[in-house]
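The values are calculated or read from the model by the stated rules, or taken from the named source; none is laboratory data. None of the values given here were measured: they were computed from a predicted structure. As a convention, Cβ positions derive from the backbone with ideal geometry for all residues, glycine included, and neighbour counts pool all protein chains shown. All accessible areas refer to the heavy atoms of the entire protein, side chains included, with ligands and DNA or RNA removed. Shrake-Rupley method; radii C 1.70, N 1.55, O 1.52, S 1.80 Å.
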Amino acid sequence: QVQLVESGGGLVQPGGSLRLSCAASRSIFSRNAMGWYRQAPGQQRELVAGISTGRSTNYAHSVKGRFTISRDNAKNTVYLQMNNLRPEDTAVYYCNVLPVKGDYWGQGTQVTVSS
């Protein structure tokens, strides 16, 4: 059974930091690249960062140099360290396999960047 549980979001001031976590079911985590996605109000969901099973990473231009994705294969968990946050980073953040397969998504975690 596919399971994705995101956590770590919250309210932070511009310039602040947050670390998101996503616990995934072992059946999907060990065999797939993983990604962090986000969806702001009124906008389409977008890929923010991805990490392969071999830990190669890639980032959207808007977050490069500020966000860092990592994975702990022993814990079936993927992380997103977000530094120097901006108001435009406000969104619900989700993790999923990369590329996405099917329609399943977790509940996401809300990140709000505001003074």
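Let me spell it out: the conditions are (1) surrounded by fewer than 17 Cβ atoms within 10 Å (Cβ to Cβ); (2) under 14 Å from the mean Cα position of the chain (by Cα), and Thr53 meets all of them except one. Which number is the exception?
The one condition Thr53 does not meet is (2).
Say we look at the stretch 84-94 and pick out the residues that are open to solvent by 60 Å² or more (accessible area, probe 1.4 Å) and touching a Gly at 6+ places or on another chain (Cβ under 9 Å); which of these is farthest from Tyr37 (Cα to Cα)?
Step by step, filter the stretch 84-94, then rank; the result is Asn84.
Taking into account only those residues within the stretch 95-115 that are open to solvent by less than 20 Å² (accessible area, probe 1.4 Å) and part of a loop (DSSP other than H, G, I, E, B), which is nearest to Ala24 (Cα to Cα)?
Applying the filter and picking the extreme gives Gly106.
How many of the residues making up the stretch 17-29 are more than 13 Å from Gln3 (Cα to Cα) and open to solvent by 20 Å² or more (accessible area, probe 1.4 Å)?
4
Restricting to the stretch 30-46, name every residue that is of a type in the set (A, V, I, L, M, F, W, C) and either open to solvent by 30 Å² or more (accessible area, probe 1.4 Å) or within 15 Å of Thr77 (Cβ to Cβ) (or both).
Residues satisfying the conditions are Ala33, Met34, Trp36.
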